[in-house]
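Right, one structure below, let's go through it.
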């Protein structure tokens, strides 16, 4: 009995010493636990961090009212909308700031932009593809005029098994390479300016679409599929740049978007497919003349954001497959080629 009592007393004394040590560490400013928990108790945690809290509210408003941000100064609204999903990184930065400031106010304020961001993009992470059989598989690719391996790029595109392929930025010096690489699998094709359509099915009525640029950068043709005719557009809207003084130089692109939107609105076809590099995302209000008429295949049946540019580290989906009439079954990006863009693909079910 004495030996058991001594052991219990020893354990009790050891526990008391450990508890006292932890208590002193928590109270000691230099202790690890002291540094970790110091400042998170008391009213101070609510009084600090008003600046990051205010920035969190501003960020939430920038997400919520992105369409209201004016384009009058350097097209800043379109620039923000182009990279809108990446605005979520601002939440991470403000989270770090709130932790460093030990501010409960700043952390609580972050709930607002987090909820708005999730409302905008949370659904992107679900796989919306279906197991339904498609009638037409399409691919579009900005092949890059300076592509170092056009033959290899053509081979990869042919291996995709798509029924229709649209190419943009086909230079005169490389056009023959794409024709030689694709013509065996795609006996019907038409190249106008720097854009072209290759098809496994007969291609008729090809004509240029005037984008107000002075040379052909868009075309329309009818693809005669076993399920009926499909109006296929291949388009490459003008490039945009971010410059220090001029801001987001998207004026010419916006004018071409209006011209393409007019052509689409006048098209009588029941099944319309737009393939191309629009140099803008579905969020960009400047593309409304187009996006208001067509559905994004990626948005309807894709998994994730489907970023396509730049190929080395995709940050935006400026290459689009859009439809009026057909129902997207699935949408995806293809492996990189010699271009600075990734090819994108979609499987469609045609309407009767």
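The values are calculated or read from the model by the stated rules, or taken from the named source; none is laboratory data. This structure is a prediction, so every number in the text was calculated from the model and none was measured. Counting neighbours? That spans all protein chains shown, and the Cβs are built from the backbone with ideal geometry, glycine included.
Among the listed residues 272, 242, identify the single one that is closer than 24 Å to residue 85 by Cβ and either at pLDDT below 95 or surrounded by fewer than 22 Cβ atoms within 10 Å (Cβ to Cβ) (or both). That would be 242, the only listed residue that is closer than 24 Å to residue 85 by Cβ and either at pLDDT below 95 or surrounded by fewer than 22 Cβ atoms within 10 Å (Cβ to Cβ) (or both).
Going through (1) modelled with pLDDT under 95; (2) closer than 19 Å to residue 320 by Cα; (3) touching a strand residue (DSSP E or B) at 6+ places or on another chain (Cβ under 8 Å) one by one, residue 75 falls short only on (2). Go through segment 245-257 and report how many residues are part of a loop (DSSP other than H, G, I, E, B) and crowded, with 21+ Cβ neighbours inside 10 Å. The total comes to 1. Of all residues being in contact (Cβ under 8 Å) with a residue 40 or more places away in the chain and within 28 Å of residue 121 (Cβ to Cβ) in segment 258-269, which is surrounded by the fewest Cβ atoms within 10 Å (Cβ to Cβ)? Just the residue, please. Selected residue: 264. Residue 229 - would you say it is in contact with a helix residue (DSSP H, G or I) (Cβ under 8 Å, 6 or more places away or on another chain) and outside any loop (DSSP other than H, G, I, E, B)? No, not satisfied. Restricting to segment 192-221, name every residue that is crowded, with 19+ Cβ neighbours inside 10 Å and assigned to a strand (DSSP E or B). Within segment 192-221, 192, 195, 196, 197, 198, 199, 203, 218, 219, 220, 221 meet the criteria.
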